[in-house]
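S.K.: Take a look at this one; I'll ask things after.
The values are calculated or read from the model by the stated rules, or taken from the named source; none is laboratory data. Keep in mind it's a predicted model, so treat the numbers as computed, not measured. Cβ atoms come from the backbone with ideal geometry, glycine included; neighbour counts cover every protein chain shown.
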Amino acid sequence: MEKRPMKDMMVGRQGLGCMGWSAFYESAARTTEESAAEVFKAAVDAGVTLFNTADFYGPLTAEGYGANLRLLRKCLEKSGVERSQVQIMCKLGVDTRDGSFKHNASASELRRTVDWALEQLGTDYLDILVLNREDPEVPLRESVEALAQLVAEGKGRHIGLSEFSAANVRLAASVAPICCLEMEWSLMSRDLEEQIVPTCRELGICIVAYSPLCRGLLTGAFQEAPKDFRGSGGQPRFAAENLARNLALVGQLEQIAAKKGCTASQLALAWVHAQGADVFPIPGTSSLRNLQSNLQAATLHLSPEDLAEIQQACPASEAELPRKGACGPGLRAGLHVVLKRRLQDAARPEEPAPQRASGERPEVSEEPEQL
């Protein structure tokens, strides 16, 4: 895989989001240390270097806190991959230890979280310390200065941001160098294009695109909402009144993909790659087969004519439904539904996977990243 510069790092042009291995999606109940390590090793062998994690990626319990960090550590140990071969970006500033989502980007909490994350990962540095969303109770300058101090101490190499406005990206960059901004970007998530993308490019900040397949919607695999937080009020695009319209857009993409000899998900992922050399998509998956499909998208060339046809089939104006539920409790309720199902599923014996008939829609090729 081609590598591209991100500050002083050379980063594989496509990364891997790890959230779905441990949290919030039905796939998490099926992911084992062995299967995650297999996907991790195959990704590294293919040239993937960037892995996205967070301290709160895990069940919303004290015991589940940090589950994704510990799993990523197991992947490194089981695969034999050297720590220096990969870049780990870790989101900070959200505390879920008591089962709720709370912002806490104070200097003391960021230091505690980084020290704790390093211990869970079994490493002495993180490549990118990512401030996850704006904490309304803590001045942004204080948070960025705290991360800059951690970088100065060698606990991180760079500072990143996640889900920030253009104005606050500019403010953060005035305090300390910013490596990247992590934002949702897909054919159905385009609200960053008008202000945030130009600001990042003016400031030399790369964009890490999470959920480049719109949380699996652009894979063409759904005929109804999934039985996790996406279908429990956390994602309006999966609500019954919106899903049919969105699936019609996916159907148009499938027609274009058929002419290109690829799948709709590969076409949609290639579209994100085509947005610029400073864009690094991080689709997530727990499936080796889906990993290979996503990796092929990184080599798919889209001509100006292809891009125009895709734009016509799925214009930005058709994709402006809210990315997330307007109410925090609705999202939290959806996440708790997932956790309850995971506990129930864990008590049942595993059933063999059904055989897929010819012509049947593929399984979802992305367990999407980031909340």
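S.K.: Is it the case, given these coordinates, that L213 is at pLDDT 70 or above, under 30 Å from C179 (Cα atoms) and more than 19 Å from the chain's Cα centre (by Cα)?
M.R.: no
S.K.: In this structure, does N132 turn out to be farther than 20 Å from K7 by Cβ and not β-branched (V, I, T)?
M.R.: In short, no.
S.K.: Still on this structure, I have one more. Give me a count of the residues in the range 35-67 that are among the hydrophobic types (A, V, I, L, M, F, W, C), in contact (Cβ under 8 Å) with a residue 40 or more places away in the chain and surrounded by fewer than 18 Cβ atoms within 10 Å (Cβ to Cβ).
M.R.: Total meeting the criteria: 2.
S.K.: Of everything in the range 45-71 that's aliphatic (A, V, I, L, M) and in contact with a Leu (Cβ under 9 Å, 6 or more places away or on another chain), which residue is modelled with the lowest pLDDT?
M.R.: So the residue we want is L60.
S.K.: Right, something else. Which condition number in (1) within 22 Å of M183 (Cα to Cα); (2) free of Cβ contacts under 8 Å to residues at least 60 places away in the same chain is the one that E119 fails?
M.R.: Status for E119: all satisfied but (1).
S.K.: Related question: Select from the range 152-168 the residues that are crowded, with 21+ Cβ neighbours inside 10 Å and outside any loop (DSSP other than H, G, I, E, B) and list them in ascending order.
M.R.: G156, H158, I159, G160, L161, S162
S.K.: Here's something else I'd like to know. Name, by its number, the condition in (1) closer than 13 Å to L269 by Cα; (2) among the charged types (D, E, K, R); (3) surrounded by fewer than 18 Cβ atoms within 10 Å (Cβ to Cβ) that does not hold for E193.
M.R.: Of (1) closer than 13 Å to L269 by Cα; (2) among the charged types (D, E, K, R); (3) surrounded by fewer than 18 Cβ atoms within 10 Å (Cβ to Cβ), only one is false for E193: (1).
S.K.: Also, quick follow-up: If I filter the range 264-278 down to residues being in contact (Cβ under 8 Å) with a residue 40 or more places away in the chain and surrounded by 21 or more Cβ atoms within 10 Å (Cβ to Cβ), which single residue comes out as farthest from V11 (Cα to Cα)?
M.R.: Once the filter is applied, the top-ranked residue is A264.
Residues checked against (1) of a type in the set (A, V, I, L, M); (2) surrounded by 18 or more Cβ atoms within 10 Å (Cβ to Cβ); (3) at pLDDT 90 or above; (4) under 18 Å from R245 (Cβ atoms):
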site	(1), (2), (3), (4)
N294	no, yes, yes, no
A297	yes, yes, yes, no
S303	no, no, yes, no
D306	no, yes, yes, no
P315	no, no, no, yes
E320	no, no, no, yes
R323	no, yes, no, yes
G334	no, yes, no, no
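S.K.: Touching a helix residue (DSSP H, G or I) at 6+ places or on another chain (Cβ under 7 Å) and outside any helix (DSSP H, G or I): is that true of I128 in this structure?
M.R.: no
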